[in-house]
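These notes concern the structure reproduced below.
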Amino acid sequence: MKRNAIFPYLLIMVFGVGLIFALSLIGVYSGNEAADGEGGTDAALLEATPEEIYSQVGCINCHGENYQGASGPELINVDSRLSADEIRDVLVNGAGVMPGNLVPAEKLDEMIEWIISLE
């Protein structure tokens, strides 16, 4: 008696679709937990200096190692172009391709003072 070869393929297909469905649900639920803010603010950022935050959250990628600007504007003497309130607005809301809220709210004033002090 000859066996039908389609049965193993159907079984693999059903298993694959079920696995994709299960992994999708896992991703959706873990994404909702992250969106709800269960992770909170990273404790390391709350204890970091502005220079460390600059490196850790990725500011260095666009503004450069020496704050001279790369794909983002230079930060040296930024106080001649922007007021402290405007710098706060950029840090909170972002500007252009720069995302907002990279700096924890608790460190915002310290970060603004540090950016203004860059020469």
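Couple of notes before you dig in:
- Residue count for segment 56-104 under the criterion of being in contact (Cβ under 8 Å) with a residue 12 or more places away in the chain and within 16 Å of Leu45 (Cβ to Cβ): the result is 9.
Conditions (1) closer than 30 Å to Glu119 by Cα; (2) of a type outside the set (A, V, I, L, M, F, W, C); (3) at pLDDT below 90, marked per residue:
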{"residue": "Phe7", "(1), (2), (3)": "no, no, yes"}
{"residue": "Leu46", "(1), (2), (3)": "yes, no, yes"}
{"residue": "Gln56", "(1), (2), (3)": "yes, yes, yes"}
{"residue": "Leu102", "(1), (2), (3)": "yes, no, yes"}
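- Filter result (within 22 Å of the chain's Cα centre (by Cα) and not hydrophobic (A, V, I, L, M, F, W, C)) within segment 69-91: Gly69, Ser71, Gly72, Pro73, Glu74, Glu86, Arg88, Asp89
- Within segment 52-84, being of a type in the set (Asp, Glu), farther than 18 Å from Ala95 by Cα and surrounded by 12 or more Cβ atoms within 10 Å (Cβ to Cβ) holds for one residue alone: Glu52.
The values are calculated or read from the model by the stated rules, or taken from the named source; none is laboratory data. All values derive from a computational prediction rather than experimental measurement. A quick note on method: Cβ atoms are made from the backbone with ideal geometry, for glycine too, and the neighbour counts reach across all protein chains shown.
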